[in-house]
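The values are calculated or read from the model by the stated rules, or taken from the named source; none is laboratory data. This one's a predicted model, so the numbers in the text were calculated from it and none came from an experiment. Cβ sites come from the backbone with ideal geometry, for glycine too, and all protein chains shown count toward neighbours. Quick note on the areas: whole protein, heavy atoms, side chains included, nothing else; ligands and nucleic acids left out. Shrake-Rupley method; radii C 1.70, N 1.55, O 1.52, S 1.80 Å.
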Amino acid sequence: YGPFKEAFNNRMVFVYGTAGNPTENDWSLAKARFDAERFWYQGNGSIEIVSDASLQEMMSAEADQHRDRNVILYGNADTNRAWAMLLSDSPVQVRRGAVRVDEQEMTGENLAALFVRPRKDSERALVGVVSGSGPAGQRLLDRMSYFVSGAGFPDCLVVGEEMLQRGAEGLRAVGFFGLDWSVKSGEFRFRTP
């Protein structure tokens, strides 16, 4: 189970997207590199960074070796090819212009989402997601310091860019999944702007 920071265990691998436009792909790779360097500096750890295509090859060729590794996915369903393989049945879906959490849909290109889900092919590994619904949402993720000691993030967090000026008013969705990893059995709160 979560919270979000639990995804940064189990020899995690950072996976950047290559299916988006050049701006989206550049952000995904830059954010993965930045996070890996920050983790190296703060935690003295080296993190493997691979593309979405490379992850698919790794998982099919050497399934046993990588099965229990956590995956940190950068991008969204439209920009990261590994999304369909890892998160197709997730109640949280991020695409260009929209974030959906169960039945609640939030629209706009200014949304950022952090969430954690179980890996379907493992009994202990997790998938952590660092995702934006557009360029403004991606830039907003650059301001989220999830490696800072004492910073707590729930299982799922969706914020809009108004968070930068109005603080908690920018929260769109926040919550913890239930024991069955569903939204309905968990504790979630939603806010409409």
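Taking the mean number of other Cβ atoms within 10 Å as a proxy for protection, how do you rank 122-130, 67-75 from highest to lowest?
67-75, 122-130
Over the Cα atoms of the stretch 2-65, compute the convex hull volume and normalise it per residue, giving Å³.
99 Å³
Net charge near K184, counting Lys/Arg +1 and Asp/Glu -1 over other residues with Cβ under 11 Å of its Cβ?
Result for the local shell: -4.
Could you run the Karplus curve 6.51 cos²θ - 1.76 cosθ + 1.60 with θ = phi - 60° over the stretch 45-57 and give me ³J(HN,Hα) per residue in whole Hz, x for Gly and Pro?
Values per residue, Gly and Pro as x: x, 9, 10, 6, 10, 9, 7, 4, 5, 5, 5, 4, 5 Hz.
I'd like the distance separating the alpha-carbon centroids of the stretch 134-190 and the stretch 95-128, in whole Å.
If we compute the Cα centre of each part, the gap is 10 Å.
At 1.4 Å probe size, with no ligands or nucleic acids counted, give the accessible surface of D78 in Å², nearest ten.
It works out to around 50 Å².
Give the carbon-plus-sulfur fraction of the accessible surface of the chain in %, rounded to a whole number; probe 1.4 Å, heavy atoms of protein chains only.
47 percent
Can you find, among G108, P118, N76, the residue farthest towards the positive end of the dipole of the chain? Put +1 on the C-beta of Lys and Arg, -1 on that of Asp and Glu.
The residue sitting farthest along the positive end of the dipole is G108.
Once you keep just the Cα pairs under 8 angstrom separated by 6 or more residues, what percentage relative contact order results for the stretch 36-193?
Value for the stretch 36-193: 16 percent.
Kindly report the accessible area of the chain per residue (heavy atoms of protein chains, probe 1.4 Å, no ligands, DNA or RNA), in Å².
49 Å²
Take every DSSP beta bridge with both residues inside the chain and express the antiparallel ones as a percent of the total, to the nearest 5.
For the chain, the DSSP antiparallel bridge percentage is about 70.
Please build a GNM for the chain, connecting alpha carbons under 10 Å apart, and tell me which residue among L164, L87, L29 fluctuates the most.
Answer for the Gaussian network model of the chain: L164.
Let me make sure I get this right: for the stretch 110-193, a, b and c are the square roots of the gyration tensor eigenvalues over alpha carbons, sorted descending. Under 1.5 in a/c it's rounded, otherwise prolate if a/b > b/c, else oblate. Which is it?
Since a/c reaches 1.5 and a/b is larger than b/c, the shape of the stretch 110-193 is classed as prolate.
I need the per residue convex hull volume for the stretch 46-130, using only the alpha carbons, in cubic angstrom as a whole number.
Each residue corresponds to 96 Å³ of Cα convex hull volume.
Where does the charge balance sit around A125 when Lys and Arg score +1, Asp and Glu -1, over other residues with C-beta under 12 Å from its C-beta?
Surrounding charge for A125 is +3.
Mind running the shape call on the stretch 142-187? Use the C-alpha gyration tensor, a ≥ b ≥ c as the square roots of the eigenvalues: rounded below 1.5 for a/c, prolate if a/b tops b/c, oblate otherwise.
oblate
Between R119, R143, R100, which gets the highest mean-square fluctuation from a Gaussian network model of the chain, Cα cutoff 10 Å?
Per the Cα network of the chain with a 10 Å cutoff, R143 tops the list.
Quick one: which of 42-49, 10-17, 145-152 comes out on top by average Cβ neighbours within 10 Å, and what's the full order, highest first?
Ranked from most to least packed, the peptides come out as 10-17, 42-49, 145-152.
When only the heavy atoms of the protein chains count and the probe is 1.4 Å, how do S90, S54, S185 rank by accessible area, highest first?
Largest accessible area first, the residues go S185, S54, S90.
log10 I(q)/I(0), Debye, Cα-only the chain, no solvent, q = 0.09, 0.16, 0.18 Å⁻¹?
These q points yield log10 I(q)/I(0) values of -0.29, -0.98, -1.27.
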